[in-house]
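Remarks on the structure that follows.
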Amino acid sequence: MQLAPTLNVREFINSRPLSRNQWWLVVLCFLIVAVDGMDVAIMGFIAPSILAEWHISRPAFGIVMGAAPIGLALGALFAGSSSDWFGRRKVLLFSVLGFGLCTLFTAFARNPTEMALLRLLTGLGLGAAMPNATTLLSEYVPERRRAFLVAIMFTGFNLGSAMVGFAAAALIPAFGWQSVLVMGGALPLLLLPLLFFFLPESARFMVTRGYTAAQISKVLAKVSQSPLQGVREFISGEAAVGARQPLAVLFHQGFRLRTITLWVTYFMGLLVIYLTTSWLPTMMKDAGMSVDRAANVTAMFQLGGTVGALLVGWLMDRMNPNKVIAGAYILGAVALVVMGLNGLMSASIVALVVAVGFCLSGAQTGLNGFAPGCYPTMARATGVSWMLGVGRLGSIMGSSIGGVLLSLGWGFEGIFTVLAVPAVLAGLAILLNRRGIANTPTIPYASQSAH
């Protein structure tokens, strides 16, 4: 096929079927998210063994458990958005290297203070990896399939979280809790050579940052597996933005409303999800359910969420994505109310937990696939990472207020019925997001011409 001298990168990617190298990129981003999920969840599985060996109380160990979520938020807000300056590939490589090394070093921590510091640093790398993997993948797949492919990528998080649980069960009795951290650090570091040799820079990022046509052509031709001879100029085909700094774009006219609504939606969604997954096992145990039964029932939330993420992503590629995500949140709110009214010992508790996970976790993952399309290339990673960072505050709040409500005497029915409110607010916010679409003319950014 003869190409014009000027090539619109976005239209070129959207007009073609996925190449083998684009599928390979999906696999690489899936693996990044998998090791990310593994290292996020790792402390929950080894904490009982550390408490027993170090003879410290749960409150004293709280500084360790709380360090990674803080690092995740900071990493998303600052390290995540740095890729709009330095590139998706560079930030991903450094983030994987960072959280791999820090997880490995955590195995040799001698006290809770050292461990908390290392978990904070680990969180910085983890927080930077997720938004950049999302951004890079979204910029290399056709928009008609983006939501579903990003959803596939995010199933790696659940896989990694589950894998480290099975690994902990096998390694701790034989080699101690340190061996789980060694494994958790080694796997990202083993992945690093693959990423170094096969992870491409975003061609759309290269256009906006003024790379030469020869540089862009080399990368895009390899990823698309298509010859690009004769192309002398590459453009992004995006609307001009009246702001020079990526962070300023988020609050510029035309993007302000979509930014705020994305933050509200993600915050509310994570608040509900983390309160549910953090405190449901405890409430079940207090109600007389065995520990293993409570763990298995709660695990069904993740199973439902994985299937829900794939269905929501599939529907988003075929229908209005705002309505699909909002509908999932609203249905999740209904499932929360029904679950609260039926009670913990209901015969349908497993099905209801699956339904809540299916709707809410599915909607949350769908939002990850939706957010990259809300921003221009020059601020895309910043927009996604700040949404994730602000959302992390919702996860911290959800994990905290569950204990507060229980201490105030709230029961299962009251807590889960009230949780429907933030779920509904999330749905309403993403519907309002539709009004934030900027009606600006398309003025492409052009790279330099090759000479």
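The values are calculated or read from the model by the stated rules, or taken from the named source; none is laboratory data. All figures in this text were calculated on a predicted structure; none of them were measured in a lab. Reconstructed Cβ throughout: ideal geometry from the backbone, glycine too, with neighbour counts over all protein chains shown. Accessible surface areas use protein heavy atoms only, side chains included; no ligands, DNA or RNA. Shrake-Rupley method; radii C 1.70, N 1.55, O 1.52, S 1.80 Å.
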Practice item. Identify all residues within the range 37-94 that are open to solvent by 30 Å² or more (accessible area, probe 1.4 Å), closer than 30 Å to residue 205 by Cα and among the basic types (Lys, Arg); write none if there are none. Key: 89, 90
Study note, to complete from the structure: Of the residues in the range 28-56 that are assigned to a helix (DSSP H, G or I) and not hydrophobic (A, V, I, L, M, F, W, C), the one that is farthest from the chain's Cα centre (by Cα) is 53
Exercise for review: Scan the range 257-299 for residues that are over 22 Å from the mean Cα position of the chain (by Cα) and touching a residue at least 60 places away in the same chain (Cβ under 8 Å) and jot them down.
Suggested key: 280, 282, 283, 284, 287
**Study point:** Restricting the range 278-290 to residues that are over 19 Å from residue 266 (Cα atoms) and in contact with a helix residue (DSSP H, G or I) (Cβ under 6 Å, 6 or more places away or on another chain), the residue that is surrounded by the fewest Cβ atoms within 10 Å (Cβ to Cβ)
**Key:** 285
Revision key, fill the gap. Sole miss for residue 151 among (1) without any contact (Cβ under 8 Å) to a residue 40 or more places away in the chain; (2) under 26 Å from residue 365 (Cα atoms); (3) not charged (D, E, K, R) is condition (1)
Exercise for review: Report the residue count in the range 57-89 for those that are over 8 Å from residue 127 (Cβ atoms) and part of a helix (DSSP H, G or I).
Suggested key: 22
Check your understanding: Are any of the residues in the range 17-27 of a type outside the set (A, V, I, L, M), farther than 20 Å from residue 137 by Cα, open to solvent by 20 Å² or more (accessible area, probe 1.4 Å) and more than 23 Å from the chain's Cα centre (by Cα)?
Key -> no
Practice item. Pull up the range 139-198, narrow it to residues that are more than 21 Å from residue 306 (Cα to Cα) and of a type in the set (Phe, Trp, Tyr), then point me to the one that is surrounded by the fewest Cβ atoms within 10 Å (Cβ to Cβ). Key: 197
**Study point:** Flag for residue 370 being part of a helix (DSSP H, G or I), more than 20 Å from residue 264 (Cβ to Cβ), open to solvent by 10 Å² or more (accessible area, probe 1.4 Å) and not aliphatic (A, V, I, L, M)
**Key:** no
Review point. Looking only at the range 312-350, which residues are polar (S, T, N, Q) and assigned to a helix (DSSP H, G or I)?
Key: 322, 342
Practice item. Just name the residue that is most open to solvent (accessible area, probe 1.4 Å) out of those in the range 389-417 that are in a loop (DSSP other than H, G, I, E, B) and touching a helix residue (DSSP H, G or I) at 6+ places or on another chain (Cβ under 9 Å). Key: 410
Point to revise | Which numbered condition residue 375 fails, given (1) over 20 Å from residue 324 (Cα atoms); (2) crowded, with 20+ Cβ neighbours inside 10 Å; (3) not charged (D, E, K, R) | key: (1)
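Results for (1) closer than 30 Å to residue 174 by Cα; (2) of a type outside the set (Gly, Ala, Ser), shown as yes or no for each residue.
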| position | (1), (2) |
| --- | --- |
| 18 | no, yes |
| 34 | yes, no |
| 99 | yes, yes |
| 114 | yes, yes |
Practice item. Return a yes/no flag: does the range 429-447 have any residue that is under 24 Å from residue 352 (Cα atoms), at pLDDT 90 or above and either open to solvent by 50 Å² or more (accessible area, probe 1.4 Å) or acidic (Asp, Glu) (or both). Key: no
Review point. Could you list, in sequence order, the residues of the range 293-311 that are at pLDDT 95 or above and buried (at least 23 other Cβ atoms within 10 Å of the Cβ)?
Key: none
Practice item. Restrict the check to the range 338-360 and report whether at least one residue is closer than 19 Å to residue 434 by Cα and at pLDDT 90 or above. Key: no
Exercise for review: Determine if the range 110-132 includes at least one residue that is more than 30 Å from residue 48 (Cβ to Cβ), open to solvent by 20 Å² or more (accessible area, probe 1.4 Å) and of a type in the set (A, V, I, L, M).
Suggested key: no
